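One structure is given below, encoded as structure tokens.
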Amino acid sequence: MLDSYIASRDRFDRTTLPGADAVLRLRREPERRFDPRSIRVETAAGEPLGYLPGQSTQVLAALMDAGAQAEARVVEGTAVSIYLQLA
């Protein structure tokens, strides 16, 4: 488990975050020019909420690229806990 938060919220229209314990999807965006290690945070329905901050993605992006499955759960506000499933 990794504790982090949702950054870059201002880039997306959605203003209401899901409540505590909501499951969030994590999607790699290696083509993102700003940071090729980007991991986008989405609702379970696929609505974008923001990105994980850079310090959270250094190892996580490599693990996801190697096939690890990851999801996040809302702790409170923009705080999330990230869970990895290694194959």
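Derivation of every value follows stated rules applied to the coordinates shown; laboratory data play no part. No experiment lies behind these values; they were computed from the predicted model shown. So basically every Cβ, Gly included, is an ideal-geometry build from the backbone, and we count neighbours across all protein chains shown.
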Within the stretch 1-24, what residues put their amide N at less than 14 Å from the label point 7 Å along the Cα-to-Cβ vector of LEU86?
1-2
With each pseudo-label sitting 7 Å past Cα toward Cβ, what's the ALA45-ARG27 distance in nm, one decimal?
1.5 nm
Scan around SER8 for amide H atoms under 5 Å from its own, H built in the peptide plane at 1.01 Å from N, and keep only partners 5 or more places away or cross-chain.
TYR51
Please work out how much length the chain gains when fully extended from ASP10 to GLN58, using 0.36 nm per residue of separation minus the C-alpha to C-alpha distance, in nm with one decimal.
15.0 nm
Whole-Hz ³J(HN,Hα) from phi, Karplus 6.51 cos²θ - 1.76 cosθ + 1.60, for the stretch 56-65, glycine and proline x
7, 9, 4, 8, 4, 4, 5, 5, 5, 5
Once phi is turned into θ = phi - 60°, what whole-Hz ³J(HN,Hα) does the Karplus curve with 6.51, -1.76 and 1.60 give for every residue of the stretch 74-86, x standing for Gly and Pro?
5, 8, 6, x, 8, 6, 9, 10, 9, 10, 10, 10, 8
Report the residue, chosen from GLU71, GLU29, GLU42, that carries the largest GNM mean-square fluctuation when the chain is represented by alpha-carbon nodes joined by springs under 10 Å.
GLU29
List, in order, the whole-Hz ³J(HN,Hα) value for each residue of the stretch 17-33 obtained from phi through the Karplus relation with A = 6.51, B = -1.76, C = 1.60 and θ = phi - 60°; use x for Gly and Pro.
7, x, x, 3, 6, 5, 7, 10, 8, 10, 10, 5, 10, x, 7, 5, 4
Which whole number in µm²/s is D for the stretch 1-55 by Stokes-Einstein, with the Kirkwood Rh taken over Cα pairs at 20 °C and 1.002 mPa s?
183 µm²/s
How many angstrom lie between the Cα centre of the stretch 12-51 and the Cα centre of the stretch 60-87?
11 Å
